């Protein structure tokens, strides 16, 4: 269930309508600017929401000051998300967890390929630039999590943080909602698996160590490339490759189970880096690894093609053709069992290269099994009793 209420969405639309009526040119300026590449942004477009029956085509000859735009294209806007639940569930056989937590919706990291971009369309936004510059914050997330873990119906199990957007994106440095949720999980001793591209996770080593006492944490540091120039264009607001390797090293030195996730592997662009990525991660202290081949649902296909044309025009045809070859002639497949792996000769080559690289580096293909055996109910009350 999507947590932003219809009332909130209608209020947002009404506010935007009033602003447009008072500033008719400003309403065009936002759309016009969205067609130009922006510095430190992954998507170069802000395509119409696929659920909207109408959209506005701007007059490119109108020149309006960006100051008139209520959502300036180069700034990030933070909005409150009034969710009443925090744990979400999935029944996908392709995902290694059944339940997860997402304290933020949208992600300022701006990874152009992000499969989660289309989720922003359920909120009335675009999967393009809106996804990385209009971030929704679940400020009640720690309280909601504590409440849900306290319920009799809760069955202790591994929670993923996060399955959709990065829990350590830039706003986390200020809000610390991920840290507060980790504190709740540590109190309950509920196991958690964390995926991030950000070095900020090292701030929470104390809580990770507390969870690790009960075999209740595993961390994946996502690696896509060792090429800093490619990272800067493809994942503009993420930690650089060397910083991610230092993050693996810091976690490993503090006894935290840490591995790497090569995700996504882009055929024809980054797949040749698999051996070096695995080797560098292992040298840094990674004990396990996973991988996912690029998938491009809904409008992410157009965003990615536009990005290739803008930044790597010479490689565009090769990458597109490779992607089509592993997706039965299409750029995406939603079929369970194939959507993250692909099929065909190029997909098989990627999987074999990954396995050989892991074997050569002496790294596991899977993360350590986490335990919910030490879960405790109402830990705050137990603490009082012990004292």
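Readers should treat all values here as calculations from the given coordinates under stated rules, not as data from a laboratory. Treat the numbers as computed from the prediction; the structure is a model and nothing was measured. Because the Cβ atoms are built from the backbone with ideal geometry, glycine has one as well, and the counts that use them run over all protein chains shown.
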**Request:** Determine, for each peptide in 171-180, 120-129, the mean count of other beta carbons within 10 angstrom over its residues, then list the peptides with the highest first.
**Result:** 120-129, 171-180
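How would you rank 113, 168, 89, going from fewest to most other Cβ atoms within 10 Å of each one's own Cβ? Walk me through the intermediate numbers first.
On the way: 113 20, 168 27, 89 8.
With the sparsest Cβ surroundings first, the list reads 89, 113, 168.
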**Item:** Normalised convex hull volume, the stretch 176-282, alpha-carbon set, Å³ per residue
**Value:** 92 Å³
**Request:** Relative to the compact-globule scaling 2.2 N^0.38 Å, provide the ratio for the alpha-carbon radius of gyration of the stretch 150-193.
**Result:** 1.26
**Request:** Among 307, 154, rank each residue by its count of other Cβ atoms within 10 Å, from fewest to most, as a rough exposure measure.
**Result:** 154, 307
**Asked** Dividing the Cα radius of gyration by the Kirkwood radius, what Rg/Rh value follows for the stretch 213-268?
**Response** 1.04
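If you average over every viewing direction, what projected area does the convex hull of the Cα atoms of the stretch 78-216 give, in nm²? Before the final figure, lay out each step's value.
Working: hull surface 33.3 nm².
Projected over every direction and averaged, the Cα hull of the stretch 78-216 covers 8.3 nm².
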**Item:** In nm, spacing of pseudo-spin labels at residue 243 and residue 349 (7 Å Cα→C-beta vector)
**Value:** 3.4 nm
**Asked** Along the principal axes of its C-alpha atoms, what lengths does the stretch 283-360 span, in descending order and rounded to whole Å?
**Response** 36, 29, 20
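Please arrange 112, 292 by counting, for each residue, the other beta carbons lying within 10 Å of its beta carbon, fewest first.
Numbers: 112 23, 292 17.
Final ranking by Cβ density, sparse to dense: 292, 112.
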